[in-house]
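The values are calculated or read from the model by the stated rules, or taken from the named source; none is laboratory data. Since this is a predicted model, take the numbers as computed values, not measurements. Methodologically, a virtual Cβ is constructed for each residue, glycine included, from the backbone with ideal geometry; neighbour enumeration extends over all protein chains shown. For accessibility, only protein heavy atoms count, side chains too; no ligands or nucleic acids. Shrake-Rupley method; radii C 1.70, N 1.55, O 1.52, S 1.80 Å.
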Amino acid sequence: MSGLVGIVLVSHSAPVASAVAELATGLTGGSTTAPVAAAGGTPDGGLGTSSELIVAAAAAVDRGAGVAVLVDLGSAVLTVKTLLAEGDELPDGTRLIDAPFVEGAVAALVTASAGGDLNAVQAAATEAYDYRKT
Amino acid sequence: MLDAEFFRRWMTTTAETVEREADRLTELDSAIGDADHGSNLRRGFAAVTAVLEKDNPDTPGAVLTLAGRQLISTVGGASGPLYGTLLRSTGKALGDAAEVTREQLADALSAGVAAVGRLGGAAAGDKTMLDALLPAAESLSESFEAAAAAAETGALATVPLQARKGRASYLGERSMGHQDPGAASSALLIGALADVAS
C-alpha cells in the first residue's frame, strides 16, 4: 500500500460537507494533507444524499490506501452501506467509519495526513466518541 | 408464470400509483418526518419507468435489480437505499429465470425484506416499511390479493406505534397516532403488484 488514506465527508447539506472539509483541513496543518472530498446534498443543490456524488468523491480521493467515509444522518448512512453492499461502486478498501461527523472528520484527516493507515484513521475517528463534553 | 413484462408493469403501475398518492405520502411524512417522502419516491419511480423503457431488461430478476439501482441513485432520501435494497435483493434472489411463479416471488420478496431489515437495523413493530412488507411477503405465498390486504392492514397498524427508527424516532411518543409513510408507500408497492396480477 502506498499513498495516503482518502477521506469522504457525506452530509445532507452541501455547505455542511464542504465546511467540515475546510475545518478539518484548516486544523490539520503540516506540509501534507491527505485528500478529502465533500459529498453533500443532492446534485440539484437540495438537502439529501446522492450516491452519484459519493461515488465520485470516493474515486477522487482514492490513492490506493483505502478511503474512509464519514457520514451524518439517516439516508447518508443507508446509502453508503448500500453502495458498499453492491461491491463494485466504491474503490477497494472503502470503509464506512462510525464516528461523530465533525470531530471524527478532524481526527481522520489529521491521522491520514500523518500517514496513518485505514485502521489508524478509523480508530482515531471513532475515538472522538470518547471525548465527553460535560 | 410471471415474466419480465409482468415485472415491468409492476414497476410502472407503482410509479403511477406513487404519482397519484405522492401528496398523501408527503402529508404523512410531514407529520413525523421531513416531508419529502412523496416527492422523493415520485422522482425515483419516474426514473425507474424511464430506465426500464430505455434498457428493456429481459428477465424478472433484471427488471427488479435495474429498478432498485435506479432508486438508490435518484431518490436522495432514506427510502432510496431502502427500496433499492428491497428490489435489488428480491431481483437477485429470482436469479436469471425468464419466468417465475408467485411462490418463487414470495420467497424472493422475503429475502428482499430481510435485506431491508438488516440495512436499517429494524424489526417488526418499529413503525417502518417492514410493518407492511413482512406480512405482505408472508401472505404472497397464499395469493396476490392476500399480500395486498396484509400490506394495507400492516400499514394501518403502524398508526398507534411509537417510531423506533429514522427521523420519526426523535419524536418519541409524539410519533404515535400517525401512519408511517414508509409503510404506506410499501402498501402501494404491494397493491400495485396485486393490480397487475388481477
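Structure notes:
- So B:Val116, is it within 16 Å of the chain's Cα centre (by Cα), under 23 Å from B:Asp180 (Cα atoms) and β-branched (Val, Ile, Thr): yes
- Among residues of segment B:36-58, those that are within 13 Å of chain A (Cβ to nearest Cβ) and either out of contact with any Leu (no Cβ under 7 Å at 6 or more places or on another chain) or of a type in the set (Phe, Trp, Tyr) (or both), counted: 5
- Scanning segment A:14-52 for residues that are away from chain B (no Cβ under 14 Å), surrounded by fewer than 20 Cβ atoms within 10 Å (Cβ to Cβ) and in a helix (DSSP H, G or I) returns A:Pro15, A:Val16, A:Ser18, A:Ala19, A:Glu22, A:Leu23, A:Thr25, A:Gly26, A:Leu27, A:Thr28.
- Looking across segment B:1-20, the residues that are in a helix (DSSP H, G or I) and open to solvent by less than 60 Å² (accessible area, probe 1.4 Å) come down to B:Ala4, B:Phe6, B:Phe7, B:Arg8, B:Trp10, B:Met11, B:Thr12, B:Thr13, B:Thr14, B:Ala15, B:Thr17, B:Val18.
- Among the helices (runs of 4 or more DSSP H) confined to segment B:21-110, the ones with at least 2 residues that are closer than 21 Å to A:Thr49 by Cα and open to solvent by 40 Å² or more (accessible area, probe 1.4 Å) are located at B:37-55, B:60-74.
- Hits in segment B:97-120 (condition: under 19 Å from B:Gln70 (Cα atoms) and either touching a Pro at 6+ places or on another chain (Cβ under 6 Å) or away from chain A (no Cβ under 14 Å) (or both)): B:Leu109, B:Val113
- Residue match in segment B:131-142 (condition: open to solvent by less than 20 Å² (accessible area, probe 1.4 Å) and within 14 Å of chain A (Cβ to nearest Cβ)): no
- Segment B:151-188: number of residues that are surrounded by 22 or more Cβ atoms within 10 Å (Cβ to Cβ) and in a helix (DSSP H, G or I): 13
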